[in-house]
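Here the structure comes first, spelled out in structure tokens, and everything after it is commentary.
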Amino acid sequence: MTFRITMVAGALLLAATGGCSGSPRATAPVEPVRTGPVHAQGQAAAILRARADSARLPYTAADIRFMTHMIPHHAQALEMAKLVPSHGASATVRTLAGRILSGQQDEIATMQQWLRDRQQPVPDAAAGGLHAGHGAGQEHTMMPGMLTHEQMTRLDAARGWDFDRLFLTFMIQHHRGAVGMVDELFSTHGAAQDETIFKFASDVQVDQRTEIARMERMLADVLAAPDSP
Amino acid sequence: MGFLHQPSLRTLSLAAALLSAAACAPVPATMTPAPAVDMSTTPPSPDPRIGLRAGLHDAAEAAWNLRVLSRSRPPERFAGVTNSDLAFTGNYAIQGNYNGYQVWDISNPANPRVATAFYCPASQSDVSVYKNLLFVSGEGLTGRLDCGGQGVAAPVSAERLRGLRIFDITDIRNPRNVGNVQTCRGSHTHTVLADPRDTENVYVYVSGSSGIRSPEELPGCVAAPPSVDPNSALFRIEVIKVPLANPERAAIVSSPRIFTDLVAPPRHGDTPGDIAAQQAELAAARARGEFTGTFLGRERVLSSRVTAPLLDSIVRARNGRGNPTGADSAALRSALPRILATMFPPSENTGPQPGPTQCHDITVYPAIGLAGGACEGYGLLLDIRNPENPVRIAAVADSNFSYWHSATFNNDGTKVLFSDEWGGGGQPKCRATDPKEWGANAIFAIVNGRMEFQSYYKLPAAQTQYENCVAHNGSLIPIPGRDVMVQAWYQGGISVFDWTDARNPVEIAFHDRGPVDSTQMGNGGSWSVYWYNGVLVSSEISRGLDIFQLQPSGFLSQNELDASRTVRLEYFNPQGQPRFTWPPSFALARAYVDQLERSRGLPATRIAAVRQALQGAESMSGAGRRTALTQLQAQVSGDAAGSSDAAKVRMLSAALRDLAAM
């Protein structure tokens, strides 16, 4: 589960201002608070937002670093997955890659929104992949597990059975890096107190751990696969 | 509908109306009048769930074959904070929240009242009840033993609570924290197991998939894999034994390694025949001089595409040419274990053995002695007759499943449904572009202790990119003679479906709201929805508590609904499935008659005659009624032989016999 406490307040404000073009906030719907006193609308939204803010524990530099660094990490997984349709991959690898593509694309959006909501610089998801370490204008620290330029080139050159083997080998390496990044986050003082960060990082970790186990089984099948005629 | 009868809200609505421009009228908190009963068996088209207006409390809604009894917002201290799972006791629904838990008095489901709002932050605050005890899960790093809200910044701290909190709710308005059990990985979810043969204790299975605590924080927590340290906190679940007379003495009693030697089948499990065939294949390959290697749990024949380049490199290393010699092969044979070890390096998180390190959730069904474990990449069937030592009896994996999340048995225990929480619940996995097999349920038949795949079921209505949506928590609805369940799909709303025909599950009712936010992913939707004593109770992540009632429809008759309402539970933990039994009633007999009419299991003339006889019997009393029912039962019993639905005719016959004996 990934949660966005701030979005409740945000949605409330949008409900109070949006969908009603040109109307000032004072004419927007009331927010009835069932168990509390009656507030004028707008004020109720502000109270709910303040409450959500006070409920949320402070995020730290380690949290920001984690979200910022995981975006290029995920972006490289997308680059890898995008090679699959054109490189003669097997059906099972295509299924896996389809899920990685969808899953990590959505997670990038989550991370970008989290950073944007906190007025942090938002890395461009297009800056990973084949050009990792070569692009311009972005931070190019190699995150744990990320493929080197040479590894990416090897993967891009492989086809069929070789591609399956390399893709699984490299994606396992890549996922292990992400799992390690979460471990590091959780052992950092003050980190992951923010509910959204904790849930997001936990999801990344369990999903990728589960996927590593799945890919190890697939790799075992690939290595033991009978030769094609 | 209760809201509108509250003067304060009437005032609010009036105030809102006065403040609003005519073109931008507010939507009252409660708006759905009881819809007209729809007896059609065709789903509404176009699907009214598509294109619903967004909003937190004023989103547009669509409902089919059910109606909203109430929508209740969270108490002040919980507003804006995630609501999680539900448990039920007596007239109360207990709703977990990341800030603690809320106890709702639902005696009047049209107007739930907050009995207790207990502040004690923890994620996810999964809740269960048993007699006078309430159990609450804590997983995150911020949970505190003192229930404070300031979090715990230090990586190692004596103030942190990750595990299970135990409350005495004898006075439900004043819960007392009577004990805490700390666990190495915290408690993401937990499952209360009331063993029918042990009245002194209750057991709690703890599932925790998060990071392992430092042994400095909780002694004995070992992060190394079991191959390195047999006390590893990986690859096991925790069983807590709670003495009912002394709940403060609750403690971990065992840590069963239910995953040992679990090797994934590609899809639906290796049969003994498959295993024998693998052994024969290995022996034949060895006889042919092929290379085998042991990795990921078993010995396998290696493809020559793996071994040929390795042999070539050995030849080149001795500056040789041409085909490899016997010595080259021997060199490779001795080097292979090392080469494979680098290909499959043991890591702290995956370990050297394949398979899950934890379960996400376990559903126990004590009446049949089985549990369904949803455990990372696997669905497990566990024998729980010895609560301290659950034993795995079957396992399935599925190439379309991402993350096995929860399990629900049908009432007969002949089927089990697993859900896949693809994307962890925070992602929009019900878009038109998302495959129907991903983030869905998979239904299995249980045949001789094994699980056989039948079909997938996924919410049929496409959702927007701003609605987190995936299969989540639900429960059976006690419709006699059928497998019907209600399930939460986060912002996809709730879906009621019939899986009696396990190969063709079909939706029969739904409720949905528009997204919380129309411009970006918001936090909301139904975390869980369960049947409890005649109503469907939904925990809405941001909007509060919703209560629904099924309406009669072309899929579900009034008699079937009436029969379902004869089932009463004293308490209910959705992860501890009770076996439903239906007391004898005319509604029960009529429900079976309605089902026989639907299945054409009896000719129309017989259906009409049986209905008339039932009406006649009901108008009588005493010996007259008994005689009429006994005669009818004898006739119906004779109908079974010629019926295409003989099993249902026999259920009707049994219902009539029980009714006559009342």
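The values are calculated or read from the model by the stated rules, or taken from the named source; none is laboratory data. Since we're looking at a predicted model, the values are computed, not measured. Cβ placement follows ideal geometry from the backbone for every residue including glycine, while neighbour counts extend to all protein chains displayed.
Suppose the filter is more than 14 Å from every other protein chain (Cβ to nearest Cβ) and within 28 Å of B:Phe444 (Cβ to Cβ); does B:Ala563 pass it? Judged against the criteria, B:Ala563 is a match.
Residues checked against (1) touching a Gly at 6+ places or on another chain (Cβ under 7 Å); (2) of a type in the set (A, V, I, L, M, F, W, C); (3) closer than 30 Å to B:Pro121 by Cβ; (4) in contact (Cβ under 8 Å) with a residue 12 or more places away in the chain:
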residue: A:Met146; (1), (2), (3), (4): yes, yes, no, yes
residue: A:Asp156; (1), (2), (3), (4): no, no, no, yes
residue: A:Leu168; (1), (2), (3), (4): no, yes, no, yes
residue: A:Met171; (1), (2), (3), (4): no, yes, no, yes
residue: A:Arg176; (1), (2), (3), (4): yes, no, no, yes
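Among A:Gly190, A:Gly180, which is the only one that is surrounded by fewer than 23 Cβ atoms within 10 Å (Cβ to Cβ), within 9 Å of another protein chain (Cβ to nearest Cβ) and at positive phi? Before you say what the answer is, go through the steps one by one.
On the way: A:Gly180 fails: at positive phi.
Testing whether each residue is surrounded by fewer than 23 Cβ atoms within 10 Å (Cβ to Cβ), within 9 Å of another protein chain (Cβ to nearest Cβ) and at positive phi leaves just A:Gly190.
Residues checked against (1) in a helix (DSSP H, G or I); (2) farther than 23 Å from A:Ala191 by Cα; (3) of a type outside the set (Phe, Trp, Tyr):
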| position | (1), (2), (3) |
| --- | --- |
| A:Met67 | yes, no, yes |
| A:Pro72 | yes, no, yes |
| A:Leu78 | yes, yes, yes |
| A:Arg99 | yes, yes, yes |
| A:Met111 | yes, no, yes |
| A:Trp114 | yes, no, no |
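Among the candidates B:Thr605, B:Thr566, single out the residue that is modelled with pLDDT of 95 or more, touching a Leu at 6+ places or on another chain (Cβ under 9 Å) and of a type in the set (Ser, Thr, Tyr). Step through it out loud before you land on a result.
Values: B:Thr605 fails: touching a Leu at 6+ places or on another chain (Cβ under 9 Å).
On inspection, the qualifying residue turns out to be B:Thr566.
Per-residue answers, yes or no, for (1) in a loop (DSSP other than H, G, I, E, B); (2) at pLDDT below 95; (3) more than 16 Å from B:Phe497 (Cα to Cα):
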residue	(1), (2), (3)
B:Pro26	yes, yes, yes
B:Ala29	yes, yes, yes
B:Ala34	yes, yes, yes
B:Asp38	yes, yes, yes
B:Thr41	yes, yes, no
B:Ser45	yes, yes, yes
B:Ile50	yes, no, yes
B:Ala54	yes, no, yes
B:Ala62	no, no, yes
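Every condition in (1) surrounded by fewer than 24 Cβ atoms within 10 Å (Cβ to Cβ); (2) of a type in the set (S, T, N, Q); (3) assigned to a strand (DSSP E or B); (4) in contact (Cβ under 8 Å) with a residue 60 or more places away in the chain is met by B:Asn180 except one, and the failing one is (4). Restricting attention to segment B:499-520, and to residues there that are within 14 Å of chain A (Cβ to nearest Cβ) and touching a Leu at 6+ places or on another chain (Cβ under 7 Å), which single residue is farthest from B:Gln549 (Cα to Cα)? Checked segment B:499-520; the qualifying residue farthest from B:Gln549 (Cα to Cα) is B:Thr519. Residues in segment B:370-396 that are assigned to a loop (DSSP other than H, G, I, E, B) and surrounded by 22 or more Cβ atoms within 10 Å (Cβ to Cβ): B:Gly377, B:Ile384, B:Pro387, B:Pro390.
Restricted to segment B:219-233, and to residues there that are over 30 Å from the mean Cα position of the chain (by Cα) and not polar (S, T, N, Q), the residue that is nearest to the other protein chains (Cβ to nearest Cβ) is B:Ala224. Per the conditions (1) crowded, with 17+ Cβ neighbours inside 10 Å; (2) small (Gly, Ala, Ser); (3) at the interface with chain B (Cβ under 7 Å from one of its Cβ atoms), the sole criterion not satisfied by A:Ala201 is (3).
Quickly run through segment B:622-647 and pick out the residues that are surrounded by fewer than 19 Cβ atoms within 10 Å (Cβ to Cβ), within 14 Å of B:Met662 (Cβ to Cβ) and among the polar types (S, T, N, Q). Passing the criteria: B:Thr627, B:Thr630.
For the structure I just gave you, tell me whether B:Val152 is more than 21 Å from B:Tyr203 (Cβ to Cβ), over 24 Å from the mean Cα position of the chain (by Cα), in the same structural domain as B:Asp546 (by TED's automatic domain parsing) and assigned to a loop (DSSP other than H, G, I, E, B). Answer is yes for this residue. Evaluating B:Asp126 against the criteria (1) surrounded by 24 or more Cβ atoms within 10 Å (Cβ to Cβ); (2) facing another protein chain (nearest Cβ under 8 Å) leaves one unmet condition, (2). Taken over segment B:535-581, the criterion of being free of Cβ contacts under 8 Å to residues at least 60 places away in the same chain and assigned to a loop (DSSP other than H, G, I, E, B) is satisfied by B:Ser557, B:Arg565, B:Thr566, B:Arg568, B:Thr581. Name the pairs: first residue in segment B:382-411 and without any contact (Cβ under 8 Å) to a residue 40 or more places away in the chain, second residue part of a loop (DSSP other than H, G, I, E, B), Cβ to Cβ under 6 Å, at least 6 apart or on different chains? Within 6 Å, the pairs are B:Arg385/B:Gly369. Among the candidates B:Gly163, B:Gly140, the residue that is modelled with pLDDT under 95, crowded, with 18+ Cβ neighbours inside 10 Å and more than 19 Å from B:Tyr571 (Cβ to Cβ) is uniquely B:Gly140. Of the residues in segment A:42-65, at least one is more than 14 Å from chain B (Cβ to nearest Cβ), out of contact with any helix residue (DSSP H, G or I) (no Cβ under 6 Å at 6 or more places or on another chain), in a helix (DSSP H, G or I) and modelled with pLDDT of 50 or more.
Could you pull out every one of the strands (runs of 3 or more DSSP E) wholly within segment B:227-317 that has 1 or more residues that are modelled with pLDDT under 85 and in contact with a Gly (Cβ under 8 Å, 6 or more places away or on another chain)? If you could, list the steps in order and put the result at the bottom.
Details: elements: B:238-243, B:251-254, B:292-295, B:298-301.
Per the criteria, B:298-301.
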